[in-house]
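The values are calculated or read from the model by the stated rules, or taken from the named source; none is laboratory data. Fair warning: this is a prediction, and the values are worked out from it, not measured in the lab. Reconstructed Cβ throughout: ideal geometry from the backbone, glycine too, with neighbour counts over all protein chains shown.
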Amino acid sequence: MGTVTIGVSIAVPEPHGSLLQERRAGFGDAAAHGIPTHVTLLPPTEVDRCDLPAVEAHLTEVASGGRPFPMKLSGTGTFRPLSPVVYVRVVQGAEECARLQQWVRDASGPVGRELQFPYHPHVTVAHGIDEAAMDRAFEELAGYEAEWPCTGFALYEQGPDGVWRKLREYTFGGSVVPPQACSADLERGTTVSL
């Protein structure tokens, strides 16, 4: 059946996801339109296609133990000179992302693996482009901010064309509503049960 390249990530929701994807493309990153805007939990990982059901079962279990949490992006950072990446920083939700990615990569699970670099949650906005464009990305998005309640994550597969496509979404098993969702819902007059 062969192998497939998968990844697990938290999608950056609309309108933020499209905006950052367009900005990434505008900086000259050719891969931008093939990569949905996200925070990585499992980097590109090759698995046997026949192992996908075990991966999905594992992710279902991880999601069932998770609880919704607030995510906030603010400002930029870079991994240069170690890696040619400029990113938007995760300033709220980073600890939860770190915990989730550990559960996903659990050595006893079907996608247990070591990372090339220590885990650092972020949203890539420029990768592998010329230094001047990287500098522009770093400067132009320095004031960028976005926030939303994170309620789950998704499994993606990279196609032969290099495009990442969502295979399945996983919603957290908790009924806890993040504080910012509560206040927004209350302002709209929506009933929220805590």
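Number of residues in segment 22-72 that are hydroxyl-bearing (Ser, Thr, Tyr) and not in a strand (DSSP E or B): the value is 3. Against the condition among the β-branched types (Val, Ile, Thr), crowded, with 19+ Cβ neighbours inside 10 Å and touching a strand residue (DSSP E or B) at 6+ places or on another chain (Cβ under 8 Å), how does VAL47 come out, does it pass? Considered against the rule, which asks whether it is among the β-branched types (Val, Ile, Thr), crowded, with 19+ Cβ neighbours inside 10 Å and touching a strand residue (DSSP E or B) at 6+ places or on another chain (Cβ under 8 Å), VAL47 comes out as no. Scanning segment 73-92 for residues that are part of a strand (DSSP E or B) and surrounded by 15 or more Cβ atoms within 10 Å (Cβ to Cβ) returns LEU73, SER74, THR76, GLY77, THR78, VAL85, VAL86, TYR87, VAL88, ARG89, VAL90, GLN92.
Sub-8 Å Cβ pairs linking a first residue in segment 1-24 that is modelled with pLDDT under 95 to a second residue that is part of a loop (DSSP other than H, G, I, E, B) and of a type in the set (Asp, Glu), at least 6 apart or interchain, number zero. Filtering segment 25-34 down to residues that are of a type in the set (A, V, I, L, M, F, W, C) and at pLDDT below 95, which residue is surrounded by the most Cβ atoms within 10 Å (Cβ to Cβ)? Here the residue is ALA32. Selection of segment 93-110 for residues being crowded, with 21+ Cβ neighbours inside 10 Å and either out of contact with any Lys or Arg (no Cβ under 9 Å at 6 or more places or on another chain) or among the aliphatic types (A, V, I, L, M) (or both) yields CYS97, LEU100, GLN101, VAL104. With respect to the stated conditions, THR37 is over 17 Å from GLN102 (Cβ atoms), of a type in the set (Ser, Thr, Tyr) and buried (at least 16 other Cβ atoms within 10 Å of the Cβ).
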